[in-house]
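**Student:** Sharing a structure below in C-alpha cells format, with a few things to ask.
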Amino acid sequence: MLKQGQDRRVQRTRELLQRAAMELIAEKGYDAITVGDITERANLGRTTFYLHYQNKADLLLSGHDESFFKTTFETMTLEDMLAEEVSPKLIAIFEYAAHSREVYQVVMQGEDGAALMRGMREQFASNLERKLRRWFNERDSLIPFSILANYLAGSQMSLMGWWLEKRSPYSPRQIAQAFHQLQRAALRDVLLKH
C-alpha cells in the first residue's frame with residue numbers, strides 16, 4: 001500500500017513541476033526561466049526537482065514522454081498504423097502539437113531546442129522500434145528496425161516542425177492523414193511486400 005501512495009506522490013510532484021514549467025515558458029520564454037523559478041512556482045524545493053530531473057530540458061522531455069507517447073502513441077496498434085484511414089490517436093498527437101504551438105516555438109528557439117528535438121525523436125524512434133519488434137520478425141524486414149524506426153521518427157518530427165513553424169494552413173487532421181499515408185506506405189513496402 002505504501003508503494004502505491006509513493007507512486008501517487010511521485011506522479012503528483014512531477015505534474016506540479018511540469019505544469020509550473022509550461023506556465024513559466026508561456027509567460028517568460030524557455031531561456032528566461034530557471035530550475036529555481038520552476039520549483040518556486042510549483043511550491044517545491046530544488047532538491048525535490050533534482051530527485052526527478054537533471055535539468056529543465058529533462059523535465060520537458062519527461063513531460064513530453066508521459067503526456068504524448070504514453071497516453072497517445074503507446075496505445076496505437078498495428079491495425080491503426082496500417083488502416084486506410086488515419087487513427088483518431090494519431091490525429092490527437094497533431095492536435096496536441098497544434099495546441100502547444102506557441103510553447104513549442106519558444107522552446108525550440110531556446111538554448112536547448114536542438115537537444116529537445118533530438119530527445120523527442122529518440123523517444124519516438126525507441127517506442128516505434130519496440131512496437132515493430134513486437135509485431136514483426138526483423139529477419140522478414142528489408143531494412144533493420146533501428147533504421148526504419150529512426151527514419152519514420154525523423155520524418156514525423158521534421159513534418160511536425162515544418163507544420164508548426166510555418167503555420168501551415170493544414171489542419172491537424174490533414175497533416176495527420178498525410179503522415180499516416182506516408183508511414184503506412186513505408187511500413188507496407190518494407191515489411192509486407194515480400
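**Student:** Check Ser158 against each of (1) of a type in the set (Ser, Thr, Tyr); (2) over 30 Å from Asp31 (Cβ atoms); (3) loosely packed, with under 15 Cβ neighbours inside 10 Å and name the one condition it does not meet.
**Tutor:** Failed condition: (2).
**Student:** Now, a different point. Hey, can you tell me all the residues within the range 174-194 that are assigned to a helix (DSSP H, G or I) and either over 25 Å from Gln105 (Cβ atoms) or not assigned by TED's automatic domain parsing to the domain that holds Leu132 (or both)? Please lay out each step first, then the result.
**Tutor:** Quick first cut of the range 174-194, residues assigned to a helix (DSSP H, G or I) only: 174-191.
Residues satisfying the conditions are Gln181, Arg184, Ala185, Ala186, Leu187, Arg188, Asp189, Val190, Leu191.
**Student:** Quick check, is Phe94 over 30 Å from Thr34 (Cβ atoms) and touching a Leu at 6+ places or on another chain (Cβ under 8 Å)?
**Tutor:** When the stated conditions are applied, Phe94 does not pass them.
**Student:** Might you let me know whether the range 159-173 holds any residue that is at pLDDT 90 or above, assigned to a helix (DSSP H, G or I) and in contact with a Leu (Cβ under 7 Å, 6 or more places away or on another chain)?
**Tutor:** No, the range 159-173 has no match at all.
The values are calculated or read from the model by the stated rules, or taken from the named source; none is laboratory data. Keep in mind that what you see is a predicted model, and the values were worked out from it rather than measured. Cβ atoms come from the backbone with ideal geometry, glycine included; neighbour counts cover every protein chain shown.
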